[in-house]
Amino acid sequence: MDLLDDDAAPGNTPEYTVSELSGAVKRTIEGEFGFVRVRGEVGRVSRPRSGHIYLDLKDDNAVISGVIWKGVSQRLQSQPEEGMEVIATGKLTTFPGQSKYQIVIDDIRPAGMGALMAMLEKRKAQLQAEGLFDPARKKPLPFLPEIIGVVTSPSGAVIRDILHRLRDRFPRKVLVWPVAVQGQACAPEVARAIEGFNSMTPGGALPRPDLIIVARGGGSVEDLWGFNEEIVARAAAASAIPLISAVGHETDTTLIDFVSDYRAPTPTGAAERAVPVRLDLLSWVAQQGSRMTNAMGQRLQTRGQRLRDLSRALPRPDSLLDGPRQRLDVLGDRLPGALTRLVDRQRLCLAKQAGSLRPATLARALTHERTRLDDRAARLAPALERLLQTRREALARRGDRLTPRPILREIRAGTDRLATLSRRLDEAQRARLDALSKRLDSLDRLRETLGYRETLRRGYAVVRGDGQVVTTRAAAEAASGLEIEFADGTLKLGGTAPKRSEKPKPPEQGSLF
Amino acid sequence: MSDETPVKDMSFEQAMAELEQVVARLERGDVALDESIALYERGAKLKARCEQKLNEAEEKVAKITLDADGNPTGTAPLDAG
């Protein structure tokens, strides 16, 4: 024994190692709280990938950590959610490595109806906020579905009621997807069934329904609870096939009823909404047919009557010709008499004219004309003789006055005038040539003064290099040879000047003309 | 007249709706005689289509069979009792 040890020891209290103490605590706690029920509010919930659920249970003053092992969590009727008032059953255990304790939960469920309903309200509010209850989302139900998918229990009154009512109204093809309608399997199976019907292809081995009915008979709130689960509501909302919900009695409302396209009060009600009554439709069709025939018949009869009325008002073709025919008869009767009368009148006229026509009248006219002719012939010869005499005398008078002198005078005057004009023309031409020659000389002198050669005479020179006029020193250096032009000739300096293809043009020599 | 969908491909509802229109137009009597004959013929086809769909009333009930994972495998007759 050590002195120091003695000083510290408070009497005979047994001494534990940490592990011993932790183990003792663990035994005590697990022994004392091997099976407890605790009521509290669910705090923070975490679900790691392991499948276990870690959560806190709390009230106003205290917190206890809890765990739900994976195997347990899968068979829970309702999953814990934060804020939910619950009753948890399980045992306490410690966690010696961290000086902690926790409750291992075997079962957890909402604490009574109030808690359950509060949870449902919360869920409902959330789905509503997401717009899943929006009336605009609701799809119209087909008027006459070919295939109806029913999600329900394959045995029991519900499917019987549905089939019975369908048979009464309009027998259809029905595909039943069997599901558990209560208990923990209910929600996942129902959701799976709705998705399964939607993933079928039209005309496939399993034909896709045009309409889905999700149905269940009445029961307690707990029995119907599966239809309040979020996965069911979401599957129903996502269904592309129109969906009728019929869960419980008319007074029971579950979450799926808010998202379905139509909420039927009962399974029978769902069947009634699903199909029309065949016999009603048959009689409707027959009635439409007879209305159509009547309307058509009446129409034809009206038209026929009208046609008959009109044709009666139409005159007979014969009667149209009666008038003209009568006129023809009358005129025909009058025709021979009129002809006779015309001939008589013309004959009378002819007789009148013929009466005045006699040979004596003609002979008298002939004698008169012959007398006039003889008279004129006797006067013809002396008249001609007189006329000839007169003309001959006039000709002799004119011939005496005819001489050539005036013509000769005119020719002389013309010759003089021609000589004068010819002389004046020569003089004018000479004077003009002199003037032009003088002007040409003076212009040539002006050109000489203005040209560069005149400048050369005053002591300037033009330098060319390689055929170009050189005006700068740099250009002169660059040239291979230079040529200097003076007034009296050209001097070549340096290398051989390249041959020029053309004569250099004197700079700034503009044309004066 | 809506000739877009051939009558033989029409759903009952489509055929019914058009038949109703045809009857109404014939009864109103404001269409030309030629057109009313065409209407009548179309109406007769629509009526036949409706009757055909109504006569396709066949009850056939089957239950979907599922494998262990809950996937559909086929159908079986349903004995609902």
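The values are calculated or read from the model by the stated rules, or taken from the named source; none is laboratory data. A quick note: this is a predicted structure, and the numbers were derived from the prediction, not measured. Backbone-built Cβ (ideal geometry, glycine too); neighbour counts: all protein chains shown. Remember, those area values only see protein heavy atoms, side chains included, never the ligands or the DNA or RNA. Shrake-Rupley method; radii C 1.70, N 1.55, O 1.52, S 1.80 Å.
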Query raised in the report: Under the definition of Cα pairs under 8 Å and six or more residues apart, what whole-number percent is the relative contact order of chain A?
Result: 7 percent
Query raised in the report: Taking a ≥ b ≥ c as the square roots of the eigenvalues of the Cα gyration tensor of chain A, is the shape rounded (a/c under 1.5), prolate (a/b larger than b/c) or oblate?
Result: oblate
Report task. Report the extension gain between residue A:440 and residue A:379 in nm, rounded to one decimal, defined as 0.36 nm multiplied by the number of residues separating them, less their alpha carbon distance. Result -> 12.6 nm
Query raised in the report: Could you give me the ³J(HN,Hα) list for the range A:376-392, computed from phi with Karplus coefficients 6.51, -1.76, 1.60 and θ = phi - 60°, whole Hz, x at Gly and Pro?
Result: 5, 4, 5, 8, 6, 5, x, 4, 5, 4, 5, 5, 5, 4, 4, 5, 5
Query raised in the report: Considering every residue in B:50-61, what mean count of other chain Cβ atoms within 10 Å of its Cβ is obtained?
Result: 6
Requested in this report: Please give the solvent-accessible surface of residue A:330 in Å², to the nearest 10, using a probe radius of 1.4 Å with every protein chain present.
Outcome: 70 Å²
Query raised in the report: Hey, any idea what % of the range B:7-80's accessible area is carbon plus sulfur with a 1.4 Å probe?
Result: 46 percent
Query raised in the report: In what sequence, highest mean first, do A:13-23, A:249-259, A:390-400 appear when ranked by Cβ atoms within 10 angstrom?
Result: A:249-259, A:13-23, A:390-400
Query raised in the report: Percent relative contact order of the range A:119-280, based on C-alpha pairs within less than 8 angstrom and at least six residues apart?
Result: 29 percent
Query raised in the report: Hey, with R₀ at 41 Å, roughly what FRET efficiency would residue A:17 and residue A:82 work out to, going by the Cβ-Cβ distance, to 0.05?
Result: 0.55
Query - Per residue value of the accessible surface for the range A:119-280 (all protein chains in place, 1.4 Å probe), Å² - result: 39 Å²
**Report entry** Whole-percent carbon and sulfur share, accessible surface of chain A, 1.4 Å
**Finding:** 56 percent
Report summary line: Averaged over the residues of A:272-285, the number of partner chain Cβ atoms within 10 Å of each residue's own Cβ comes to 3
Query raised in the report: So which of A:173/B:8; A:138/B:53; A:139/B:63; A:26/A:58 end up more than 24 Å apart, counting from Cα to Cα?
Result: A:138/B:53; A:139/B:63
Query - Antiparallel content of DSSP bridges confined to the range A:119-280, in %, to 5 - result: 0 percent
Report summary line: Measure of exposure for residue A:143: accessible area at 1.4 Å probe, Å² rounded to 10, is 60 Å²
Query raised in the report: In nm, to one decimal, how far is the residue A:141 label point from the residue A:250 one, both placed 7 Å along Cα→Cβ?
Result: 1.6 nm
Query raised in the report: So what's the angle, to the nearest 10 degrees on a 0 to 90 scale, between helix B:33-55 and the longest Cα principal axis of chain B?
Result: 20 degrees
**Report entry** Exposure rank, largest accessible area first [A:124, B:60, A:70; 1.4 Å]
**Finding:** B:60, A:70, A:124
Query raised in the report: Out of residues 5 or more away from residue A:470 or on other chains, whose amide H comes under 5 Å of its own, with H placed 1.01 Å from N in the peptide plane?
Result: A:463, A:464, A:465
Query - Average partner coverage of A:169-179, which counts Cβ from other chains inside 10 Å - result: 5
Query raised in the report: Hey, rough spin-label estimate for residue A:314 and residue A:433, points 7 angstrom out along Cα→Cβ, what's it come to in nanometres?
Result: 11.6 nm
Query raised in the report: Relative contact order (percent) for chain B, with alpha-carbon contacts under 8 angstrom and 6 or more residues of separation?
Result: 25 percent
Report summary line: Once phi for every residue in the range A:119-132 is put through the Karplus expression 6.51 cos²θ - 1.76 cosθ + 1.60 (θ = phi - 60°), the whole-Hz ³J(HN,Hα) values, with Gly and Pro written as x, are 5, 4, 4, 5, 4, 4, 4, 5, 5, 5, 4, 6, x, 6
Report task. Using packing as a proxy for protection, rank A:310-317, A:432-439 so that the peptide with the highest average count of other Cβ atoms within 10 Å comes first. Result -> A:432-439, A:310-317
Report task. Note down the nm distance, to one decimal, between modelled labels 7 Å out along Cα→Cβ at residue A:325 and at residue A:394. Result -> 9.2 nm
**Report entry** Between B and A, accessible area buried - total, square angstrom, nearest 100, 1.4 angstrom probe
**Finding:** 3700 Å²
Report summary line: Between residue A:205 and residue B:9, the FRET efficiency computed from the C-beta separation at R0 = 22 Å comes out, to the nearest 0.05, as 0.40
Query raised in the report: Contour minus end-to-end for residue A:365 and residue A:46, with contour as 0.36 nm per residue of separation and end-to-end as the Cα-Cα distance?
Result: 98.5 nm
Query - Within the range A:190-214: backbone nitrogen closer than 18 Å to the residue B:65 label point (7 Å, Cα to C-beta) - result: A:205-207
Report task. Note down the accessible area of residue A:490, probe 1.4 Å, to the nearest 10 Å². Result -> 90 Å²
Query raised in the report: In nm, what is the difference between 0.36 nm times the number of residues separating residue A:422 and residue A:408 and their Cα-Cα distance?
Result: 2.8 nm
Requested in this report: Return the whole-Å distance between the Cα centroid of the range A:85-105 and the Cα centroid of the range A:147-191.
Outcome: 43 Å
**Report entry** Calculated from backbone phi, Karplus (6.51, -1.76, 1.60) coupling profile of the range A:273-285 in Hz, x at Gly/Pro
**Finding:** 6, 6, 10, x, 8, 4, 5, 4, 5, 4, 6, 5, 5
